[in-house]
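Report on one structure; see the data block that follows.
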Amino acid sequence: MPFCDLPRPSFRSLFCLPLYLASCTLQGKDNSLKKSGGGAKDMFRKIILGIVLILVILVGVLAYKTFTNTPDMIAVDPVEMSSFDVDAAAARLAEAVQIKTISADRDSPVAAAEFDRLHLLINASFPLVHQSLKREVVGGHSLLYTWEGSDPSLPPALLMGHMDVVPVEPGTESDWQEEPFSGVIKDGAIWGRGTLDDKLSVFAILEAAELQLADGFKPKRTLYFAFGHDEEVGGVNGAAEIAALLKSRGVRLAFTLDEGMVIVQGLMPGIDAPIAFIALAEKGYLTLQLTATTEGGHSSIPPRTTAIGKLARAIARIEENRLPAALNSPASDMFDTLAPHMSLPLKAIISNRWLLDPVLVGELGKGGATNAMVRTTTAVTIAEGGTKDNVLPSQASATVNFRLLPDTSIQDVINHVTNVIDDPDIDITTKQGNEASRISSEDAEGYQMIERTIRETLPDVLISPGLMLAGSDSKHYEEVAENNYRFVPMRFGPEDLARIHGTNERIIIENYAEIIQFYRRLMENAGG
């Protein structure tokens, strides 16, 4: 989930640094010249004055680039969308939450009966969508809707969501304020699994389409709605099958919009306003298994290094030698966009990345989410080995998960791990993986439509490109769409980050109404 926990720089003022260095230089030179003659003294004074002049110019450039880095003034008038029955919309989403369309893992059977129930609920809840749009079931349980446009020369747009949800972690049930699949409406919110990830998107898109159909809206551009059933376990049988179907029909999309980044507030140092992040890309995914093998036997006669010891050494080497950090697009685009809105000294650092990029990357690397923005991350998630306290295991294994930056490939990571471990007794195998996505364009028509829609329906927010740290179904559509964006206008504060895939998942109803209005206006902007 996108947010910035950038630590504040420890130095008091960026611009004191060059002057401090100059004074140290002068003091050192004066001390040395007391021991030398007058001619040399004049020469050194000229050198020192030159150094001081260079430092003064440098300070001037830093100050100029900082204080001239001001926000772009983009004038877009807010659009007042017609009202609708928000309580009824909330009730429909609440009912959907009660249906347990759980994706546990790739090897588990699909909850077919639950998806059938959800399909029936969708048909009953959105009769105009069911009657007016072409509906197809793909991959057994995913849904593809086609809203034909009047102008076939316009490339279609596709809005996405997924109907499956993750299970509730065993042992955490009592931590929920409301039952995870209750769909309770309480305290101005809808509670339960799927209210954020991602039945929310599915039902908000359908609510928006139903309202537009009722108003007689007819798009010029064909609009597709794609709702996968297995996103939480990779989307291979859902989104991937829909994308393959569109490709077989020769469809080339103007853009797609999926879940991903959100509106955050109180999470970016130096910025009080809410920020809408539109992800231009998502990180790749790689899981490796490390296996150490030795002879087993009785623990009373152990070898110098056991299988578990070899494995521990390999894990330590991986964690101590992380992949290098670098601030590249689209994370760099985010900081460049937001710098004018920041307070000093962060604004000064980001405005002068040409000189201070190592400082910025170093500070970002100290955080949690910010470290993930600048680095292919490494996480040891499973370790196995041994069955009894007096028996030497002949084999021990560990599972390591990596999230890849867009400029890092799966082979890059495998090569890094192999070189860092440097142990022929450790077998490295790939369990699963997909490359990082392509980086979509900020200048493309789709991004401009999304950005304009945000300004028209959510005028209080700043807008920035970003990098999605997790994964989505968008990656499956790269062969049918040059640009794939990831954004849902959910409003998140610091306390909301743990709700996705965690306990007490819920959506504020007022925010849900905003999301529906956003999709309504986007259909108008995209549909022409």
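The values are calculated or read from the model by the stated rules, or taken from the named source; none is laboratory data. Computed from a predicted structure; not experimentally measured. Backbone-built Cβ (ideal geometry, glycine too); neighbour counts: all protein chains shown.
Couple of notes before you dig in:
- Here region 208-226 is the region considered, the condition is being more than 29 Å from the chain's Cα centre (by Cα) and assigned to a loop (DSSP other than H, G, I, E, B), and the residue that is surrounded by the fewest Cβ atoms within 10 Å (Cβ to Cβ) is Gly216.
- Restricting Asp460, Asp496, Asp443, Asp473 to residues that are among the acidic types (Asp, Glu) and within 24 Å of Phe402 (Cα to Cα) narrows the list to Asp473.
- Close Cβ contacts (under 6 Å, 6 or more residues apart or on different chains) running from residues in region 511-524 that are more than 16 Å from Asp460 (Cα to Cα) to residues that are buried (at least 23 other Cβ atoms within 10 Å of the Cβ) and of a type in the set (Asp, Glu) comprise Ile516/Glu207.
Conditions tested, residue by residue: (1) not in a loop (DSSP other than H, G, I, E, B); (2) not assigned by TED's automatic domain parsing to the domain that holds Lys388.
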residue: Met268; (1), (2): no, yes
residue: Phe277; (1), (2): yes, yes
residue: Thr305; (1), (2): no, no
residue: Ile308; (1), (2): yes, no
residue: Ser329; (1), (2): no, yes
residue: Leu338; (1), (2): yes, yes
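- Number of positions in region 164-207 that are of a type in the set (S, T, N, Q) and crowded, with 19+ Cβ neighbours inside 10 Å: 2
- Residue that is free of Cβ contacts under 8 Å to residues at least 40 places away in the same chain and either outside any helix (DSSP H, G or I) or surrounded by fewer than 24 Cβ atoms within 10 Å (Cβ to Cβ) (or both), where the choices are Gly235, Gly250: Gly250
- Ala91 under 19 Å from Ala209 (Cβ atoms), surrounded by fewer than 17 Cβ atoms within 10 Å (Cβ to Cβ), in contact with a strand residue (DSSP E or B) (Cβ under 9 Å, 6 or more places away or on another chain) and modelled with pLDDT of 90 or more: yes
- Unmet requirement for Pro219, which otherwise passes all of (1) touching a helix residue (DSSP H, G or I) at 6+ places or on another chain (Cβ under 9 Å); (2) assigned by TED's automatic domain parsing to the domain that holds Leu118; (3) over 20 Å from His130 (Cβ atoms): (3)
- Annotation: Arg317 fulfils all but one of (1) closer than 30 Å to Gly234 by Cβ; (2) buried (at least 23 other Cβ atoms within 10 Å of the Cβ); the unmet one is (2).
- Verdict on Ile102 being touching a Pro at 6+ places or on another chain (Cβ under 6 Å) and surrounded by 18 or more Cβ atoms within 10 Å (Cβ to Cβ): yes
- The residue that is farthest from Thr453 (Cα to Cα), counting only those in region 472-520 that are among the hydroxyl-bearing types (Ser, Thr, Tyr) and under 15 Å from the mean Cα position of the chain (by Cα), is Ser472.
- Hits in region 274-305 (condition: loosely packed, with under 14 Cβ neighbours inside 10 Å and either closer than 30 Å to Gly466 by Cβ or aliphatic (A, V, I, L, M) (or both)): Ile301
- Count of residues meeting criterion [part of a loop (DSSP other than H, G, I, E, B), charged (D, E, K, R) and touching a residue at least 40 places away in the same chain (Cβ under 8 Å)] in region 442-498: 5
- Test: residue in region 78-85 that is under 39 Å from the mean Cα position of the chain (by Cα), of a type in the set (S, T, N, Q) and not in a helix (DSSP H, G or I): yes
- Exactly one residue among Val137, Val202 is among the β-branched types (Val, Ile, Thr), free of Cβ contacts under 8 Å to residues at least 40 places away in the same chain and either over 24 Å from Met81 (Cβ atoms) or in contact with a Phe, Trp or Tyr (Cβ under 6 Å, 6 or more places away or on another chain) (or both), and that residue is Val137.
- For region 277-306, the tally of residues that are touching a Leu at 6+ places or on another chain (Cβ under 9 Å), closer than 18 Å to Gly385 by Cβ, modelled with pLDDT under 95 and not charged (D, E, K, R) stands at 8.
- Options Ser125, Ser82: the member that is touching a Lys or Arg at 6+ places or on another chain (Cβ under 6 Å), of a type in the set (S, T, N, Q) and more than 30 Å from Asp336 (Cα to Cα): Ser125
- Yes/no for Ile242 being among the β-branched types (Val, Ile, Thr), closer than 30 Å to Asn123 by Cβ, crowded, with 23+ Cβ neighbours inside 10 Å and touching a helix residue (DSSP H, G or I) at 6+ places or on another chain (Cβ under 9 Å): yes
- Residues of region 99-142 classified as of a type in the set (Lys, Arg) and either closer than 19 Å to Tyr224 by Cα or in a helix (DSSP H, G or I) (or both), total: 3
- Among the residues of region 147-202, those identified as in a strand (DSSP E or B) and aliphatic (A, V, I, L, M) are Ala157, Leu158, Leu159, Met160, Val165, Ile185, Ala189, Ile190.
- Every listed requirement among (1) without any contact (Cβ under 8 Å) to a residue 40 or more places away in the chain; (2) in a loop (DSSP other than H, G, I, E, B) is met by Ala312 save one, (2).
- Every listed requirement among (1) touching a Leu at 6+ places or on another chain (Cβ under 8 Å); (2) surrounded by fewer than 21 Cβ atoms within 10 Å (Cβ to Cβ); (3) within 25 Å of Gln265 (Cβ to Cβ) is met by Ser332 save one, (1).
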